[in-house]
1. Out of the residues in segment 236-280 meeting the condition of being in a strand (DSSP E or B) and not aromatic (Phe, Trp, Tyr), tell me which one is nearest to Lys12 (Cα to Cα).
2. Among Leu25, Leu70, which is at pLDDT below 90, surrounded by fewer than 22 Cβ atoms within 10 Å (Cβ to Cβ), closer than 19 Å to Leu250 by Cα and in the same structural domain as Ala163 (by TED's automatic domain parsing)?
3. Taking the condition of being in contact (Cβ under 8 Å) with a residue 60 or more places away in the chain, out of contact with any Asp or Glu (no Cβ under 9 Å at 6 or more places or on another chain) and among the small types (Gly, Ala, Ser), how many residues in segment 1-41 meet it?
4. Give the number of residues within segment 124-144 that are modelled with pLDDT of 90 or more and part of a helix (DSSP H, G or I).
5. I want to confirm something. Restricting to segment 86-107 and keeping residues that are of a type in the set (A, V, I, L, M, F, W, C) and without any contact (Cβ under 8 Å) to a residue 24 or more places away in the chain, which single residue is surrounded by the fewest Cβ atoms within 10 Å (Cβ to Cβ)?
6. If Lys49 satisfies all but one of (1) under 25 Å from the mean Cα position of the chain (by Cα); (2) more than 19 Å from Val111 (Cβ to Cβ); (3) of a type in the set (Lys, Arg), what's the number of the condition it fails?
7. Taking the options Ala64, Ala86, Ala172, name whichever one is at pLDDT 90 or above and either of a type in the set (Gly, Ala, Ser) or part of a strand (DSSP E or B) (or both).
8. Restricting to segment 87-122, name every residue that is out of contact with any strand residue (DSSP E or B) (no Cβ under 8 Å at 6 or more places or on another chain) and of a type in the set (A, V, I, L, M).
Amino acid sequence: MDERELRKKTLKGVRRVVTKVGSSLLVSLGAGLNTAFISRLAGELSGLKKRKVEIVMVSSGAIAAGMERLGLTKRPKAISELQAAAAIGQSSLMHVYEEAFAPWGLKVAQVLITHDDMRDRRRYLNARNTLLTLLNLGIIPIINENDSVVVEEIKFGDNDLLAALVTSLIDADLLLILTDTPGLCDGDPHTGGKLISVVEKVTKKVETMAQGSQTEIGTGGMVSKVGAARLAARFGVSTVVTGCGDPNVLERIFAGEAVGTLFLAEGQRLKGRKQWIGFTLRPKGGVVLDQGAQKAIMQGGKSLLPSGVLAVEGDFGRGDAVSCLGPRKKEFARGLVNYDSHELRKIMRHQSSQIVNILGYKYTDEVIHRDNLVIL
């Protein structure tokens, strides 16, 4: 299969797209919001809407727009200053989006999310329901991390990661990352680096190519984009990372042309609760398993019992997400644990029938039930 056929096959049937737009495209220090680009982008996205493709945007730019209004030339370091810049810039950014989409008869809605919203199952489902309702109403949700209230413990880190998580949240078919470079190149694109058109799997070699660097107004770079593509691939979603110099870039991508870098999805898609457990939650610790327990989980689809646990890493509570590590401490699965770290250190290497004698009580026989266990 040649590349054009591969791209057409990958994009065929795409009905829901998460489009991430970076600060470098939206804002230039000294000139403010790039309204010309935003208007052009709105026109291109309206073309996708005419194809019956649902669009969710993940937009950077609030902090950068606030920096412009505050007269700052470098991104603040202090969280409080970043929060203030976001609060000032967010309204300006959304106003420009509303005006850009209005000529095409499209409405937008602002949705602000933090990692806490994704970790908590109820808030995760609330966010999902809100976004799906907006899509059903024909509205384009524009998502950003809630920078005006976020603190270090709940930061996604950058909007590339947020966009990848949103593909999971709404069961999107494609992640589209728009940036100011042609895509992933085998060197600096400004000094002759050549575009890598298709990436079948994100390997160490691919990560080495991602020579991204932080800009004065953004937090990303190609490193974070490749990381987002790797995460989306694990969800079973392909990613296109592309520049926006061509005003018809989206039309060309969906026509199967070799535009940008296509990162192919890996394996079958996980949906619902298991996708949330495996890829959205942050592990609070880890459990090291013996070979027998690892084989039982990976090949037999079994639950994890205390007898298979060799060691416990970190401190975590009952119900937290933990990493399941093989004897060489390489993560191969994640799950929701039924015992906290202190309890588990007491019952590990013992049979389930001994739990009551050791602890004086028992929640379940399993450390992690197979229904709450996801192989990575």
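1. Ser238
2. Selected residue: Leu25, the only one of Leu25, Leu70 that is at pLDDT below 90, surrounded by fewer than 22 Cβ atoms within 10 Å (Cβ to Cβ), closer than 19 Å to Leu250 by Cα and in the same structural domain as Ala163 (by TED's automatic domain parsing).
3. 1
4. 11
5. It comes out as Ala102.
6. (2)
7. Step by step, each of Ala64, Ala86, Ala172 is checked, and only Ala172 is at pLDDT 90 or above and either of a type in the set (Gly, Ala, Ser) or part of a strand (DSSP E or B) (or both).
8. Ala87, Ile88, Ala100, Ala102, Met118 - these are the residues of segment 87-122 that are out of contact with any strand residue (DSSP E or B) (no Cβ under 8 Å at 6 or more places or on another chain) and of a type in the set (A, V, I, L, M).
The values are calculated or read from the model by the stated rules, or taken from the named source; none is laboratory data. Predicted model only: the values in this text are computed from it and were never measured. For neighbour counting, all protein chains shown are included, and Cβ atoms are generated from backbone atoms with ideal geometry for every residue, glycine included.
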